[in-house]
């Protein structure tokens, strides 16, 4: 009798194990379908990624061995440019709760993104010039349907503040606030008041050539003709001189400039200042912003 019960218990345990494995497989399939699309690297520079829906474990495993694919698709969608993958890792900007240091540069696995794929505040991948020094809110919020706008404050020291406007209210808002910049540029709101003429603004468009030069372009302040998401474009850094004469290199939110002194022997001193406001040096007519690639001049021009 005892032996019969024992055999029955073994059979029952086996059935339970089979059912558990079946349910686990089903749950895994559901999890893949629910979460998981992948940014597949196309090899096309103009369209480096395409989003592919994952509907099976086999398809998931197939893309996991593609070294350049990004899984899962980040909250902000597939990147617009090819992401550098080094030994299976990519560098991203993790959003913190700090106002002074809103992003932390971290390296995560491209396979799973260490859970950062669904962090809406994270910047994936890290921009070429490094993590932003101010929180970015240029994209439409999928939950609140809000767009970040640079609102004119009337305060010379802090000429703009970021306000969130819903899509439904945007048209009326633009009519009521014609000098606001919509949407906020990827680099944040300007550090000084930008002149708006007949609904248009002038800023520096980065040329995509070997010279890395800038040209002044005039665009509508409403929409910025799509230039808001150009990371290399900048509003004139110097009010006195207009666009920079050479590429602006930003490191940890700072740039190097040549500050004019009163010394004939050493007419310039190389200093590093915040790119946001330039510590007031944008109003110094004799300062050279940014510092030339060869260093500061030894004589005044």
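The values are calculated or read from the model by the stated rules, or taken from the named source; none is laboratory data. Not measured: the values here are computed from a predicted model. When we count neighbours, we look across all protein chains shown, and the Cβ atoms used for this are built from the backbone with ideal geometry, even at glycine.
Condition check ((1) within 21 Å of the chain's Cα centre (by Cα); (2) closer than 21 Å to residue 231 by Cα) across all residues:
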site: 157; (1), (2): no, no
site: 168; (1), (2): no, no
site: 174; (1), (2): no, no
site: 179; (1), (2): no, no
site: 186; (1), (2): yes, yes
site: 196; (1), (2): no, no
site: 201; (1), (2): no, yes
Filter region 169-181 down to the residues that are in contact with a helix residue (DSSP H, G or I) (Cβ under 8 Å, 6 or more places away or on another chain) and not in a loop (DSSP other than H, G, I, E, B) and list them by number. 181
Do we have residue 43 as assigned to a loop (DSSP other than H, G, I, E, B), farther than 29 Å from residue 254 by Cα and modelled with pLDDT of 70 or more here? yes
Kindly indicate whether residue 184 is modelled with pLDDT of 85 or more and assigned to a loop (DSSP other than H, G, I, E, B). yes
Has region 121-142 got at least one residue that is in contact (Cβ under 8 Å) with a residue 24 or more places away in the chain, outside any loop (DSSP other than H, G, I, E, B) and touching a helix residue (DSSP H, G or I) at 6+ places or on another chain (Cβ under 8 Å)? no
Residue selected from region 36-50 under the condition within 19 Å of the chain's Cα centre (by Cα) and buried (at least 17 other Cβ atoms within 10 Å of the Cβ), by the criterion nearest to residue 82 (Cα to Cα): 48
Given the conditions (1) on the phi < 0 side of the Ramachandran plot; (2) touching a helix residue (DSSP H, G or I) at 6+ places or on another chain (Cβ under 9 Å); (3) at pLDDT below 85, which single one is not true for residue 64? (2)
Quick one: in region 199-234, which of the residues that are buried (at least 18 other Cβ atoms within 10 Å of the Cβ) and assigned to a loop (DSSP other than H, G, I, E, B) is modelled with the highest pLDDT? 221
Could you check residue 165 against (1) over 25 Å from residue 232 (Cα atoms); (2) at pLDDT below 80; (3) crowded, with 17+ Cβ neighbours inside 10 Å and say which number it fails? (2)
